Amino acid sequence: MDSRVSGGIPADIGNLIGLNLLAIANNYISGVIPESIGKLGNLIELALYNNSLSGLIPPSLGNLSQLNRLYAYYGNLEGPIPASLGELKNLFVLDLSTNYQINGSIPREIFKLPGLSWYLDLSYNSLSGPLPNEVGSLANLNQLILSGNQLSGKIPDSIQNCIFSGNIPDALGSIGNLQELYLAHNNLSGSIPSVLQNLTSLSKLDVSFNNLQGEVPHGGFFRNITYTAVAGNIGLCSSTPQLHLAPCSTSPLRKNKKKMPKSLVIPLATTGAILLSLSIILAVRILCKKLKRRQKGIVQSSVAVEQYGNVREEHYERISYQALFIGTNGFSEANLLGRGSYGTVYKCDLRREYRSLAVKVFNLRQSGSSKSFQVECDAMRRIRHRCLAKIITCCSSIDNKGQEFKALVFEFMPNGNLDGWIHPKSQKNTTSNTLSLAQRLDIAVDIVDAVEYLHNYCQPLVIHCDLKLSNILLTEDMSARVGDFGISRILQENTRKRMQASYSSTGIRGSIGYVAPEYGEGSVISTHGDIYSLGILLLEMFTGRSPTDDMFGNSLDLRKFVNDALPDRTLEIAGPTIWLHIETKNNITSSRIQECLVSILRIGISCSKTQPRERMLIRDAAVEMHAIRDAYLLFSSKHIGEHGAKEKPQLKTFELE
């Protein structure tokens, strides 16, 4: 039922033994699920989702032998999942997702349910431990979603027995027509099973941010795999260039390798010596030519990023100063995209290649700009993540006036930066120049994922130091890319214990309104400072108010403004343009939007606490952000005609994100 009904479920509800369907959903019902509910032996469907029910899941639910569907998502349930649910032999869908406090290991009995065929969703709880081997018993399951938990251990080999869709294949180890496999953001270890190469229907794979080891398979789907699918697994290796992983150690030569016939040894040795001599002569001639060029002072060509970052494994494009000059119409104001502390960004159209780039030209007359160029080169050559701005190359040359020229070349972001969308310059706000709640949630998740990568998975760790709306760039599909690493810091030692020794410099570092308060007191640069900036950024994104707004001063700032309004006045302080994207507005819609905003704003409040060590951990923020986003998008797809809302993943999906 969809209403504003409140109160609790009567303790004697078990007396209604004739019930076939019990739906207590989308309302304000609170309290615990009565144990007597297990007496409703004729129930076929039990729906207890999207309310305020709390407490333990009663083991008596295992007595509902006729139950086909059990939905208890978006609540406050807690404790372990009762093993008695394994008695529900007729159950074909089980959804206990997004309760956050459901913990413990996943009962093996759940994976033995013979009728479980539609989907099993236990995502965004606090489940821990390994994935049981019994997962291989889910022979007919279409969708298994275990996202946002704390699962660990090795991926069971028995997973190869899961036939998620279609006919049972002939080849042992095939998973049928499985199309999408998501295993990201867990603590899974071991190797990537080579059997996955047999999945001919696989179109998407994500095993990023685990503890996987060994060689990445290179057959089948893996021929076209990208770095983002395996990022955050420092134990993985591969010879595939686009994966940017360490090469795997070569195997020793076989002992039974056949010896070369003696008749070939001398001729081959002679040929090899001749080829070696020719190679040396050719190398010397090339070197001489290069030395002559340098002596003549020819420095007009662009240089690769590795000149500044000592990177040898990357091969960046070479784009000359002249090409940049022509592509920006002489760095004209008409091509201007923005100005920063150390440089100016222009749109550059490479006409011969029919593509657009963004060129950040450093103002070398500005003190610190050369250092900023060096720092950004060093940072950008280390980081590779889908939510970070991608560098194309850098250019260090001489301009048309004979002056030193330094620039960085990035992918062009057609939708500009986030500041222009949260604070549109146009007097008339419409759905075309503002962001919906769904879009803001997607962007926020991208930002948090990027920061989590920088702090926890990048080697060595990178501290951005300047997280703010104008440094969040938006792609054509409105995905976010964190950019501008001009004042970032790199933690050379891969441990936080060396933070004090590595960064002894003090002083304010960042932009007014986003700078962590401890920096003003002389504290060293740390990841805590980024978390503070992230918190302020989130508060600004969802309220539409800048931290430097004229209304703030004396004892009132953005954080206090939001904190004082939660939860009762949340809708009052929410960004007003959010409502432009809502086609259906009623009490249920307003209530759900309020719940979503309260959750996201509380993350912002937690991240921006005054004391650094009291701030939220970035990993916890990432888990909560994903849960809030996914929960709202599912609700939106069902109840709100919102521009930018996305649907819940379709069937044939195995997700352990």
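Coordinate-derived values only; no laboratory data. This structure is a prediction, so every number in the text was calculated from the model and none was measured. Virtual Cβ from ideal backbone geometry, glycine too; neighbours counted across all protein chains shown.
Spin-label point model (7 Å from Cα, Cβ direction): what's the Leu350 to Ile512 distance in nm?
Going from the Leu350 label point to the Ile512 one covers 3.9 nm.
For region 306-411, what is the convex hull volume of the alpha-carbon atoms per residue, in Å³?
Each residue corresponds to 111 Å³ of Cα convex hull volume.
Given a Förster distance of 30 Å, report the FRET efficiency between Glu572 and Thr610 from their Cβ-Cβ distance, rounded to the nearest 0.05.
Efficiency computed from Cβ-Cβ geometry: 0.75.
How many nm is it between the label spots at Tyr227 and Leu336, if each spot is 7 Å from the Cα in line with the beta carbon?
Result: 3.3 nm between the two label points.
What FRET efficiency, computed as 1/(1 + (r/R0)^6) with R0 = 60 Å and r the Cβ-Cβ distance, is obtained for Ala83 and Phe325, rounded to the nearest 0.05?
0.30
Which of the peptides 524-535, 22-33 is most tightly packed, and how do the rest follow, judged by the mean count of other Cβ atoms within 10 Å per residue?
524-535, 22-33
How would you rank Leu537, Leu556, going from fewest to most other Cβ atoms within 10 Å of each one's own Cβ?
Leu556, Leu537
Run the numbers for Val32 and Ser65: contour at 0.36 nm per residue of separation, minus the present Cα-Cα distance, in nm.
Result: 9.7 nm gained on full extension.
About its Cα centre, what dipole magnitude does region 306-411 give when the only charges are +1 on Lys and Arg Cβ and -1 on Asp and Glu Cβ, stated in debye to the nearest 20?
With only Lys, Arg, Asp and Glu charged at Cβ, the dipole is about 140 debye.
Do the alpha carbons of any pairs in Lys425/Lys609; Lys468/Lys560; Lys390/Lys425; Lys89/Lys204; Lys401/Lys425 sit beyond 25 Å of each other, and which pairs?
In this structure, Lys425/Lys609; Lys390/Lys425; Lys89/Lys204; Lys401/Lys425 lie more than 25 Å apart at Cα.
For Leu16 and Cys237, FRET efficiency with R0 = 51 Å and r from the beta-carbon atoms, rounded to 0.05?
E between Cys237 and Leu16, to the nearest 0.05, is 0.25.
Provide the gained length on full extension for the span Asp549 to Ser6, in nm with one decimal, where the gain is 0.36 nm per separating residue minus the Cα-Cα distance.
Between Asp549 and Ser6, full extension yields an extra 191.5 nm.
Need the full-extension length gain, Ser54 to Gln101, defined as separation in residues times 0.36 nm minus the C-alpha distance. One decimal, nm.
Using 0.36 nm per residue and subtracting the Cα-Cα distance, I get 16.0 nm.
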